[in-house]
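Values quoted throughout were computed directly from the atomic coordinates according to the rules given, and no laboratory measurement underlies them. What you are looking at is a predicted structure, and each value in this text was computed from that prediction instead of being measured. Cβ placement follows ideal geometry from the backbone for every residue including glycine, while neighbour counts extend to all protein chains displayed.
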Amino acid sequence: MRVLVIDDDARLVALLQRGLRAEGYAVDAAHDGLEGIERAAAEAYDVIILDVMMPRMNGYQVCAHLRSTGDRTPILMLSAKDGDYDQAEGLETGADDYLIKPFSFVVLGARLLALLRRSRPEVRAVQHLGDLEIDRAARRCRRAGTEVPLTGREFAVLACLAERPDTAVHKTAVLDAVWDSADRRGANLVEVYVSALRRKIDRPFGRASIETVAGGSYRLRSDGA
């Protein structure tokens, strides 16, 4: 999942990037409103985290502009302004949720998952592929009833493949979905994580659910076999 953070607080941006990347999100950042608009127009994101108080353009203006151009990416607005009218203004300009600073990372993560579920209803929160269970809400994986510990990035790669079971997904598509633009080091990065997934969810259980497809793609079998 790709996230764009638009915030002029460099310290907060660094904390969000570190925490979200640990959870398997790909995170890009813009440090003022105009840069945020440019980023959002140039790349496709699954969700935008948008601060209210910024130079050049504030968050309300950025949100209104994005909606006026037809951008329907879910927006989570952040602000230290906790008044009812402040929150109402954020929602009225097109934000999907409003989170008051300071906030816990646990709450932020839950809000992001809720936004993603609402914006992508076709992807079930808990998906079963044979005896392989992928729980997106809890970001957990089980095989034959046994929980398989995965890192945030490993889970993100698995979830990306699981969105299109029995379909060849090219390495570059996985790279775009899981890694942010500042952290991509080539398609071999995907190979490393697919190998790790096979060691965890396939080999110990005598399965071969992740298939290599000619041309640089991978396919996750819907039967989990």
Gain in span if fully extended, Ala14 to Glu92, counting 0.36 nm per residue against the direct Cα distance:
25.2 nm
Helix 10-22 vs. the chain, principal-axis angle (Cα, 0 to 90°, nearest 10)
20
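Can you tell me the order of 29-36, 138-145 when each peptide is scored by its average per-residue count of other Cβ atoms within 10 angstrom, highest first? Let's see the in-between values first.
Values: 29-36: 20.4, 138-145: 15.0.
The most tightly packed comes first, giving 29-36, 138-145.
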Would you calculate a helix-derived [θ] at 222 nm for the chain, using -39,500 (n - 2.57) for each DSSP H run of n ≥ 4 and dividing by the full residue count, to the nearest 500?
-11500 deg cm²/dmol
Once the dipole of the range 2-119 is set up from charges on Cβ (+1 Lys and Arg, -1 Asp and Glu), the residue from the list Leu66, Val3, Leu50 lying farthest towards its positive end is Val3
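Just how large is the dipole of the range 126-220 about the Cα centre, in debye to the nearest 20, putting +1 at every Lys and Arg Cβ and -1 at every Asp and Glu Cβ? Please report the intermediate quantities before stating the final value.
Numbers: 16 positive and 13 negative charges, 45 e Å.
With Lys and Arg at +1 and Asp and Glu at -1, about 220 debye.
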With the label point 7 Å along the Cα-to-beta-carbon line of Asp131 and a cut-off under 18 Å to each amide N, the hits in the range 143-169 are 143-149
Residue by residue through the range 55-65, the couplings from Karplus 6.51 cos²θ - 1.76 cosθ + 1.60 with θ = phi - 60°, in Hz, x for Gly and Pro, are x, 6, 9, 7, x, 4, 5, 4, 4, 4, 5
What nm distance separates the two modelled labels at Arg140 and Thr212, each placed 7 Å from Cα along Cα→Cβ?
3.3
Among DSSP beta bridges lying fully in the chain, give the percent that are antiparallel, nearest 5.
50
